[in-house]
1. Considering only residues that are in a helix (DSSP H, G or I) and open to solvent by 10 Å² or more (accessible area, probe 1.4 Å), which ones fall in region B:70-93?
2. Taking residue B:266 as meeting all but one of (1) touching a Pro at 6+ places or on another chain (Cβ under 7 Å); (2) open to solvent by less than 20 Å² (accessible area, probe 1.4 Å), write down the number of the exception.
3. Between a residue in region A:66-90 that is closer than 28 Å to residue A:112 by Cα and among the acidic types (Asp, Glu) and any residue that is modelled with pLDDT of 85 or more and open to solvent by less than 10 Å² (accessible area, probe 1.4 Å), which pairs come within a Cβ distance under 9 Å, given they are 6 or more apart or on different chains?
4. Residues that are surrounded by 18 or more Cβ atoms within 10 Å (Cβ to Cβ), more than 13 Å from chain A (Cβ to nearest Cβ), of a type outside the set (A, V, I, L, M) and out of contact with any strand residue (DSSP E or B) (no Cβ under 9 Å at 6 or more places or on another chain): does region B:338-357 have at least one?
5. Kindly indicate whether residue B:317 is touching a residue at least 60 places away in the same chain (Cβ under 8 Å), assigned to a helix (DSSP H, G or I) and away from chain A (no Cβ under 14 Å).
6. Report whether or not residue B:128 is of a type in the set (A, V, I, L, M), open to solvent by less than 10 Å² (accessible area, probe 1.4 Å), on the phi < 0 side of the Ramachandran plot and modelled with pLDDT of 85 or more.
7. Can we say residue B:43 is open to solvent by less than 20 Å² (accessible area, probe 1.4 Å) and either in contact with a Leu (Cβ under 7 Å, 6 or more places away or on another chain) or more than 14 Å from every other protein chain (Cβ to nearest Cβ) (or both)?
8. If we keep just the residues of region B:192-210 that are at pLDDT 90 or above and farther than 18 Å from residue B:260 by Cβ, which is surrounded by the fewest Cβ atoms within 10 Å (Cβ to Cβ)?
Amino acid sequence: MNFVIGKGKHCIANQLQGAAPMKSRIDQFMSNPREEAEASLMAKGLSVPAELARTNRKILVVSQEAGFSDSVLTYALNLAERLGYDLVAVNVGPGGNGQDWLGAPYRKLRQARFRLQARWAVRRARQRLAAKGLRFEHQVRFGTLGSVIEELNRAQKRIEFVLNASTASEAEMLGGVTLPVFTIKAIQGERIMAQQEARNWKLVGRTVGWGLATAALYAAFFVDSGAVMKYFTRGGLYAALPIATVFVFSYIHGTFAHLVWEVLGIRAPQQTVQPRPTAAERPARRQRPRPRLRLNV
Amino acid sequence: MHEAAASSVQFIDLNLTNIAFMFIVGFIGGLVSGFIGSGGAFVLTPGMMSLGVPAAVAVASNMCHKFPKALVGAIKRYKYGQVDIKLGLVMAASAGVGVQVGIKIQEWILKTWGQAGSNLYVSLSFVAVLVIVGGYVFYDAYSISKKGGNEEATGLAQRLQKINLPPMITFKTANIRISLWFTLPIGFATGMLAATIAVGGFIGVPGMIYVLGASSLVSSATELVIAFVMGFAGTIKWAMNGMVDIRLTLIILAGSLLGVQLGAIGTTYVKDYMIKIVMGTIMIIVAVSRGLAVPRYLTDLGLLSAGPTTLNILDKASFIFMCLALAIGAVIILGAMWRAKAAEAKQAATVATAEETYGRV
């Protein structure tokens with residue numbers, strides 16, 4: 001039997017049924033094509049060909065950062081689920097054509113870091129996709145966005161359209177891209193997973209810094225506690241010494257203690273923190289991470 | 001004169017055991033006071049004295065660690081919107097008067113009945129106040145938890161708030177409007193108790209809850225402001241006499257600043273009545289501990305005859321109960337936090353599953 005893969009499964013189903021009524025063309029947009037094709041084949045007692053199962057339609061999601069923001073990912077996920085498409089996510093890192101030999105080691109280092117970060121960031125997305133039973137492929141490429149998309153378009157069959165999650169100008173995308181591109185602008189200030197990871201490291205760094213400051217302060221006091229005690233217990237105006245000291249300690253060690261619990265993830269949950277009375281009068285802030293779409297053809 | 005006072009005091013040598021003891025007790029004390037507004041001092045002062053620190057130095061060093069700890073805790077809980085600074089300052093001002101009166105009473109008793117009489121007075125006031133107030137707090141917390149965990153202002157507080165006796169004061173965070181004349185006695189009693197048993201919060205917090213009608217969350221947070229003001233004033237007095245052993249203070253502070261922040265975070269995880277449960281439990285156990293110390297003072301006064309072995313055992317038991325009070329308080333707090341955290345994680349997982357199924361809300 002001869003399957004026409006390029007025009008979608010309905011061609012297959014219709015060939016099997018003989019006719020192509022209008023209703024099935026409408027259904028084409030309304031239902032999951034692969035499942036239906038498989039179901040109709042199964043109904044006729046035929047086995048699903050491996051070829052059909054392998055090459056589903058795809059959505060390509062591209063980002064120039066080492067990660068995808070949560071809303072972009074959620075949007076792509078829901079879209080892929082609704083349409084029954086596969087998802088191909090690609091992080092496009094800063095490129096290099098190999099000509100620039102002087103900067104090559106540094107570039108390689110940066111690219112290795114980018115690759116690592118991107119893979120780290122996509123871990124959670126993988127879990128979510130696996131839970132939905134969607135097929136997912138993740139790649140890390142280097143170069144300009146346009147060239148990478150075209151490259152992928154040639155290599156991967158049946159990419160239907162591109163979701164652009166990067167902040168790059170669209171002019172760059174236009175260069176030679178023959179696919180429809182939708183640009184998703186995540187709401188401002190939304191956390192990108194990879195960056196959040198990086199931020200935690202920053203927190204650890206700050207904690208270590210304040211910890212060292214605290215340790216230094218304690219060392220300074222206990223290295224010669226005899227001399228310290230001599231002046232601190234003189235009484236009278238010398239009373240200012242211990243009092244000033246505990247203020248300094250409570251600031252530095254207090255900040256360190258605060259950071260220790262932050263790093264350990266023990267912090268007040270937002271919803272249980274009582275708003276201040278003045279804050280209650282303000283209208284409630286709403287968070288609606290709704291990506292905005294723009295068609296770029 | 002000050003130098004003479006200081007040179008006559010023997011400061012102890014530090015070893016690893018001492019340091020570890022003070023650090024750990026500092027941490028647990030900090031945890032409890034971050035949660036219920038006060039605590040730690042009742043173990044630290046006798047604890048330090050059992051390590052050989054003179055009584056005055058123990059009290060002074062403890063007080064010097066108390067106010068920065070209270071400051072850090074108060075700032076943290078202010079960020080959570082729990083501190084009523086105005087209420088705290090009004091209470092602290094009247095508590096200052098209470099402290100002076102309390103000291104005068106102490107001095108009069110010391111002069112009339114001597115050291116043993118003074119100790120007996122302290123222990124008896126401990127037992128009386130803690131059993132009555134602590135018992136009521138615990139009973140209240142128990143009945144709230146039975147009813148489903150929602151706090152309400154007591155009938156007494158509601159009636160007092162209706163009495164329009166100028167000057168009336170509005171406390172915004174506590175969300176109460178009440179006459180100054182009902183606020184002052186609570187502060188005064190807090191100060192008097194602080195001067196007598198060194199833990200004013202055991203009357204201040206229940207006073208704010210049951211008499212003024214503030215929530216236990218706001219009351220315990222506001223107590224930290226009172227503790228800061230009173231601790232600061234007390235420290236100035238002690239430091240002027242050169243009694244503060246800064247080494248002890250700093251070691252305790254190392255633990256307690258960690259603890260007080262954890263305790264403050266803990267209040268955001270649990271229901272309001274948990275504060276009452278912790279406070280009631282600690283107060284009752286401390287009352288038992290002080291009750292065990294009464295026979296010694298009665299013997300000293302010649303009102304009771306008990307052998308030295310019995311008295312020694314009672315002393316040890318008294319101290320162990322004191323530590324137990326703090327430890328049990330800490331265990332309840334950490335347990336409550338743990339459960340709340342686990343529930344939160346479970347809920348987050350449910351939301352995540354819902355998002356997987358229905359898309360992001």
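The values are calculated or read from the model by the stated rules, or taken from the named source; none is laboratory data. Keep in mind that this is a model prediction, so the values were computed, not measured. Glycine gets a Cβ as well: all are built from the backbone with ideal geometry, and neighbour counts include every protein chain shown. To get the accessible areas, we keep the full protein, side chains included, count just its heavy atoms, and leave off ligands, DNA and RNA. Shrake-Rupley method; radii C 1.70, N 1.55, O 1.52, S 1.80 Å.
1. Answer for region B:70-93, where residues must be in a helix (DSSP H, G or I) and open to solvent by 10 Å² or more (accessible area, probe 1.4 Å): B:71, B:72, B:74, B:75, B:76, B:78, B:79, B:85, B:86, B:89, B:90, B:93.
2. Going through the list (1) touching a Pro at 6+ places or on another chain (Cβ under 7 Å); (2) open to solvent by less than 20 Å² (accessible area, probe 1.4 Å), residue B:266 breaks only (1).
3. Qualifying pairs under 9 Å: A:86/A:59; A:86/A:80.
4. Scanning region B:338-357, I find no residue that is surrounded by 18 or more Cβ atoms within 10 Å (Cβ to Cβ), more than 13 Å from chain A (Cβ to nearest Cβ), of a type outside the set (A, V, I, L, M) and out of contact with any strand residue (DSSP E or B) (no Cβ under 9 Å at 6 or more places or on another chain), so the answer is no.
5. No: the conditions fail for residue B:317.
6. no
7. Judged against the criteria, residue B:43 is a match.
8. Step by step, filter region B:192-210, then rank; the result is B:210.
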